[in-house]
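Below is one structure, written out as structure tokens; the observations come after it.
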Amino acid sequence: MASERATVPPDVFVSDLYKPSVDYKDDGGSDQPPSGSGIDPKVSMAHEQEAMDIEPEPPAPDDTPDWRYPLLQCLVDGTFPSDQAEARRVARHAKTFLLLDGEMYKRRPSGILMRCIPRQEGIKLLEDIHSGACGHHAVPRTLVGNAFLQGFYWPTAVADATEIKTRPTGL
């Protein structure tokens, strides 16, 4: 009503506020336990911390070789695979990758660096995006776009996202 500047119907009560109705000066915040509650904040914090400790699950074993290995060999030692076609492919792709503090990054045409991760880590990331608390079960290309926007890269991302989308739920 106020944004439209329409007249107020007769059955609606209107009151204009010229000052805040809540005084925040003496407010201690909601983090303070009520006085006289008898709960020791140190003990309750310890219980919360125990409940929040979640052990990461170990990655599933993968028999495929790490896609980063030939590129890392090229970047670190300058060595190439023995197969000539593979050596050319690695040399061509190595131009867009760089090492920074022991981590491999892919440089996008815009200059933004994306951290290169193994395939298993990428699949876990896609699953988190796909079915996480904020997940919206998007199409594979959107999932990959979200992973890339977060700054991660692996070459089989679209195929992995398609596999996740076609996987039956409940497994």
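The values are calculated or read from the model by the stated rules, or taken from the named source; none is laboratory data. In this text, all values refer to a predicted model and were calculated from it rather than measured experimentally. Heads up, the Cβs are rebuilt from the backbone with ideal geometry, glycines too, and the neighbour counts pull from every protein chain shown. Note: accessible area is taken over every heavy atom of the protein model, side chains too, but ligands, DNA and RNA are not part of it. Shrake-Rupley method; radii C 1.70, N 1.55, O 1.52, S 1.80 Å.
May I ask you to say which residue of 71, 125, 75, 99 is part of a strand (DSSP E or B) and out of contact with any Asp or Glu (no Cβ under 9 Å at 6 or more places or on another chain)?
Details: 71 fails: part of a strand (DSSP E or B); 125 fails: part of a strand (DSSP E or B); 75 fails: part of a strand (DSSP E or B).
On inspection, the qualifying residue turns out to be 99.
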Could you list all residues from segment 78-96 that are within 19 Å of residue 113 (Cβ to Cβ) and not in a helix (DSSP H, G or I)? 95, 96
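Among the residues of segment 102-111, write down those that are assigned to a strand (DSSP E or B) and either among the aromatic types (Phe, Trp, Tyr) or surrounded by fewer than 11 Cβ atoms within 10 Å (Cβ to Cβ) (or both). Before the answer, list the steps.
Our first condition is that a residue be assigned to a strand (DSSP E or B); within segment 102-111, this holds for 103-107.
Matches in segment 102-111: 105 only.
Give 132, 78, 151, 122 a once-over and let me know the one that is under 30 Å from residue 167 (Cα atoms), open to solvent by less than 50 Å² (accessible area, probe 1.4 Å) and modelled with pLDDT under 90.
Details: 78 fails: under 30 Å from residue 167 (Cα atoms); 151 fails: modelled with pLDDT under 90; 122 fails: modelled with pLDDT under 90.
Going through 132, 78, 151, 122 in turn, the sole match is 132.
Restricting attention to segment 81-90, which residues are surrounded by 12 or more Cβ atoms within 10 Å (Cβ to Cβ) and among the small types (Gly, Ala, Ser)?
First, the residues of segment 81-90 that are surrounded by 12 or more Cβ atoms within 10 Å (Cβ to Cβ): 81, 86-90.
Scanning segment 81-90 gives a single hit, 87.
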Just give me the residues in segment 74-95 being touching a residue at least 12 places away in the same chain (Cβ under 8 Å) and either basic (Lys, Arg) or more than 18 Å from residue 107 (Cβ to Cβ) (or both), in sequence order. 86
Index of the failed condition, residue 127 passing every other in (1) at pLDDT below 90; (2) of a type outside the set (A, V, I, L, M, F, W, C); (3) open to solvent by less than 40 Å² (accessible area, probe 1.4 Å): (3)
